[in-house]
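J.: Right, I'll just put the structure down here and ask away after.
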Amino acid sequence: MADSPEQPVPASEPHVVVTPSVLYVGTPAYLVATTNPDGTPNLAPASSYWALGQMLVLGLEAEGQTIANLLDRDELTLGFPSGDLWRAVARLAYVTGRDPVPPAKAARYRHTPDKFAEAGLTPQLSDLVAPPRVLECALQFEARVRRITPGLDRSYAMVEAEVLRVHADPAILKPGTDHIDPTRWDPLVYSFRHFFSRGTELGWLPSSPTAEEDPPIDAG
Ligand SMILES: Cc1cc2nc3c(=O)[nH]c(=O)nc-3n(C[C@H](O)[C@H](O)[C@H](O)COP(=O)(O)O)c2cc1C
């Protein structure tokens, strides 16, 4: 850090300019389930998303079966795997529900009609939407699409979805409350094509509903 705003360090130090192949800095991975035209479920790993209030915004590639399904049928579930499920997520990395496989994906991907079986995961009936939840995921959302906006170059779409219901394994809750206890919840993190557990807790905010005490922050 510079000592004062008037004397910034030279632009070239200490960082170097790079052109990384992806910009996946590190976000939770999730499994998005949708309904195929024949009524069977599709399941795909994804990591591009953010949440504010009850709304989610997902970034989905335009060539996938997932976005094709959502354009026709507006219901979905998101299952958030914990770190120990990373192999199941990786098993879905190079398979698509699209048949035939789009030419741009043909070299690396293959079609599979049953992603749950491919991943070794178990479909679980949802309460409010048609796509199933992923039983093994400790945190599951049922959601409905409210808007789909094409991306600038049409290679992706932004899906705004409203969360209708949240299901949580009691093991990740602060006992006796509706709060997900982040000390009991280990989201799978996807960073530059590597998988991580969430790591060591470093601190928390005074507004946390699960912390037992104010954080040891020296604001001075
Ligand atoms: C960990 C991980 C994260 C991914 N994140 C996204 C994402 O955020 N959006 C997306 O469209 N595809 C993402 N993908 C790629 C899709 O899962 C992949 O293209 C898949 O074939 C889509 O399946 P579908 O065609 O059946 O929808 C990700 C893949 C992995 C393994």
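The values are calculated or read from the model by the stated rules, or taken from the named source; none is laboratory data. Keep in mind that this is a model prediction, so the values were computed, not measured. Please note: Cβ atoms are built from the backbone with ideal geometry, for glycine as well, and neighbour counts cover all protein chains shown.
J.: All but one of (1) β-branched (V, I, T); (2) more than 27 Å from L92 (Cα to Cα); (3) outside any loop (DSSP other than H, G, I, E, B) hold for T149; which doesn't?
T.: Going through the list (1) β-branched (V, I, T); (2) more than 27 Å from L92 (Cα to Cα); (3) outside any loop (DSSP other than H, G, I, E, B), T149 breaks only (2).
J.: Output the residues belonging to segment 40-62 that are surrounded by fewer than 17 Cβ atoms within 10 Å (Cβ to Cβ) and hydroxyl-bearing (S, T, Y). Don't jump to the end; show me each part of the working.
T.: Residues of segment 40-62 that are surrounded by fewer than 17 Cβ atoms within 10 Å (Cβ to Cβ), as a first pass: 40, 48, 50-55, 57, 59, 62.
The answer is T40, S48.
J.: Still on this structure, I have one more. I'd like the full set of residues that are of a type in the set (A, V, I, L, M) and away from the ligand (no atom under 16 Å from the Cβ), limited to segment 146-189.
T.: Once the filter is applied, which keeps residues that are of a type in the set (A, V, I, L, M) and away from the ligand (no atom under 16 Å from the Cβ), segment 146-189 yields V163, L164, V166, A168, A171, I172, L173, I180.
J.: Residues that are assigned to a loop (DSSP other than H, G, I, E, B), at pLDDT 95 or above, more than 16 Å from the ligand (Cβ to nearest atom) and of a type outside the set (F, W, Y): does segment 190-200 have at least one?
T.: Among the residues of segment 190-200, not one is assigned to a loop (DSSP other than H, G, I, E, B), at pLDDT 95 or above, more than 16 Å from the ligand (Cβ to nearest atom) and of a type outside the set (F, W, Y), which makes the answer no.
J.: Restricting attention to segment 66-90, which residues are in a helix (DSSP H, G or I) and either within 15 Å of the chain's Cα centre (by Cα) or within 11 Å of the ligand (Cβ to nearest atom) (or both)? Let's see the steps before the verdict.
T.: Filtering segment 66-90 for residues in a helix (DSSP H, G or I) gives 66-72, 83-90.
Hits for segment 66-90 are T66, I67, A68, N69, L70, G83, L85, W86, A88, V89, A90.
J.: Which residues, counting only those in segment 164-218, are touching an Asp or Glu at 6+ places or on another chain (Cβ under 7 Å) and surrounded by 10 or more Cβ atoms within 10 Å (Cβ to Cβ)?
T.: Within segment 164-218, L164, R165, I172, L173, K174, T183, S197, R198, T210 qualify.
J.: Restricting the search to segment 33-57, which residues are touching a helix residue (DSSP H, G or I) at 6+ places or on another chain (Cβ under 9 Å) and within 8 Å of the ligand (Cβ to nearest atom)?
T.: The initial filter retains those residues of segment 33-57 that are touching a helix residue (DSSP H, G or I) at 6+ places or on another chain (Cβ under 9 Å), namely 33-37, 41-46.
Result: T34, N42, L43, A44, P45, A46.
J.: Quick one: would you say P131 is within 18 Å of the chain's Cα centre (by Cα) and closer than 21 Å to A90 by Cβ?
T.: In short, no.
J.: Return yes or no: is I172 over 16 Å from A44 (Cα atoms), touching a Leu at 6+ places or on another chain (Cβ under 7 Å), of a type in the set (V, I, T) and free of Cβ contacts under 8 Å to residues at least 40 places away in the same chain?
T.: It is true that I172 is over 16 Å from A44 (Cα atoms), touching a Leu at 6+ places or on another chain (Cβ under 7 Å), of a type in the set (V, I, T) and free of Cβ contacts under 8 Å to residues at least 40 places away in the same chain.
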